[in-house]
Amino acid sequence: MFFPNTHLGSALDFFVYDTAKIFILLAVIIFAVSFIRSFLPAERVRAILSRKHTFIGNVLASLLGIVTPFCSCSAIPLFLGFIEAGVPLGVTFSFLVASPMVNEVALVMLLGLFGWSIALIYIGSGLVIAMVSGAAIGKLKVENLVEPFVYERSISVNADLPRLSGRERIAYARGYVTDILKKVWLYVMVGVGVGAWIHGYVPMDFLARYAGNGAWYGVPLAVLIGIPLYSNAAGVIPLVAALTEKGVSMGTTLAFMMSVTALSLPEFMILKRVMKPKLILIFAGVVGLGIILTGYLFNAILG
Amino acid sequence: MTIQVLGSGCPTCEKLFKLTKQAVEELKLETEVEYVTDVQKIVAMGLMQSPVLAVDGKPALVGFVPDVKGVKEAIIKSIA
């Protein structure tokens, strides 16, 4: 303890320790993941996925979604690139769900705020949602709801990627760390700041009184509110910290975070260029249902 | 020699476009840098990440933006 025996001291102590911990973890883990990723660009991922046609494809696509960065500006090239190269529609959706929702930044943030078990629960259930909802969409046979021009083109999966030297891979990973830290440092400070405030000032019985399972509609409501909010895993952290402060239970909080990252209105707007609105509704419905069930499950288990 | 920056028009792509123009100037290459925002062009090259720096139609940088030194090295490597 740097500042013992006072509320302010306890809060400051928590704040300093936790921000330092999260920044170090972020830097180390993002560096490692980006370095690995330089060996596994989306184009190589696609070559792997275009050969798999069963449930294995959904599993692989979800796992690969962890290490692949995602921004809504690459949603269209990814979707077109996957489908035109013959990756099944359900497998493509598994990837589209996992990529923004499950990644190293979410892992580090949850780890820093709530510890290992919550971080792993989030990643694990996120993967299951991506696999199952992709497999379900695949079973529905809704290829006719993709804009026809997409299937009229077909392309080779053998891209002529530039070769990277070890030095370039390190530069790539370092650049990625700086990029992400620049984007998220403020969210980390705010998120941890809220946590520190609770830690120092809010008495435990206040949390205990309100942190029960809550009303039955808590989870679906959290998912609905999450859809128009669009953010990456880091940006949603201050909100997540505030929610738990208000006594919202963990299952509801995780469902909210999943909804914000995986279901986003701007991304739906972009996807309208390549698929019919009905397919977007099916996509949102299946994924939303998966998130709601996960929220209830963890409210029941974690209490 | 043709040098193109392909992207979806996002800020990252524009940053690469600016850096590439600067790199071409500093390398004293006699060519213009073309900015392409048709995503289908990227997909047709077999790529799925944006932005892309292409030299004579071949990808030299894919999916990330280095500093201007990195852009110069990528251009030199692909014309060598």
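The values are calculated or read from the model by the stated rules, or taken from the named source; none is laboratory data. Note that the structure is a prediction, hence the values are computed from the model and not measured. Methodologically, a virtual Cβ is constructed for each residue, glycine included, from the backbone with ideal geometry; neighbour enumeration extends over all protein chains shown. Calculation scope for accessible area: heavy atoms of the full protein, side chains included, ligands and nucleic acids excluded. Shrake-Rupley method; radii C 1.70, N 1.55, O 1.52, S 1.80 Å.
Brief remarks follow.
- From helices alone, chain A scores -24000 deg cm²/dmol at 222 nm; the rule is -39500 (n - 2.57) for each run of n ≥ 4 DSSP H residues, then divide by the residue total.
- Chain B - share of DSSP beta bridges that are antiparallel (%, nearest 5): 65 percent
- Theoretical FRET efficiency, 1/(1+(r/R0)^6), r = Cβ-Cβ of residue A:24 and residue A:227, R0 35 Å, to 0.05: 0.55
- Gaussian network model of chain A, Cα within-10 Å springs - most flexible of A:88, A:238, A:277: A:277
- C-alpha center-to-center spacing [segment A:234-251, segment A:104-170] in angstrom: 25 Å
- DSSP bridge orientation in the protein assembly as shown - percent antiparallel, rounded to nearest 5: 70 percent
- A run of chain A free of exposed loop cleavage sites, with chymotrypsin sites (Phe, Trp or Tyr not before Pro) counted only in DSSP states other than H, G, I, E and B and at most 11 other beta carbons within 10 Å, reaches its longest extent at A:40-215.
- The distance between label points at residue A:160 and residue B:15 comes to 2.8 nm (points 7 Å beyond Cα on the Cα→Cβ vector).
- Overall shape: oblate for the protein assembly as shown, with the ratio a/c of the largest to smallest alpha carbon gyration tensor axis at 1.5 or above and b/c at least equal to a/b.
- Based on C-alpha pairs under 8 angstrom that are at least 6 apart in sequence, chain A has a relative contact order of 23 percent.
- Measuring nothing but how far apart in sequence close Cα pairs (under 8 Å, 6+ apart) lie, relative to its length, segment A:238-303 scores a relative contact order of 52 percent.
- Three-way shape call for chain B based on the alpha-carbon gyration tensor, with the a/c threshold at 1.5: prolate
- Within straight-line reach of residue A:278, meaning a Cα separation under 17 Å, sit the following lysines at least 8 residues removed in sequence or on another chain: A:139, A:141.
- Each part reduced to its alpha carbon centroid, segment A:270-286 and segment B:41-60 end up 27 Å apart.
- Counting Cβ atoms of other protein chains within 10 Å of each Cβ in A:98-104 and taking the mean gives 0.
- Going by accessible surface with a 1.4 Å probe and the largest first, B:72, A:182 read A:182, B:72.
- GNM remark for chain B: springs join alpha carbons under 10 Å apart, and the peak mean-square fluctuation among B:59, B:11, B:51 falls on B:11.
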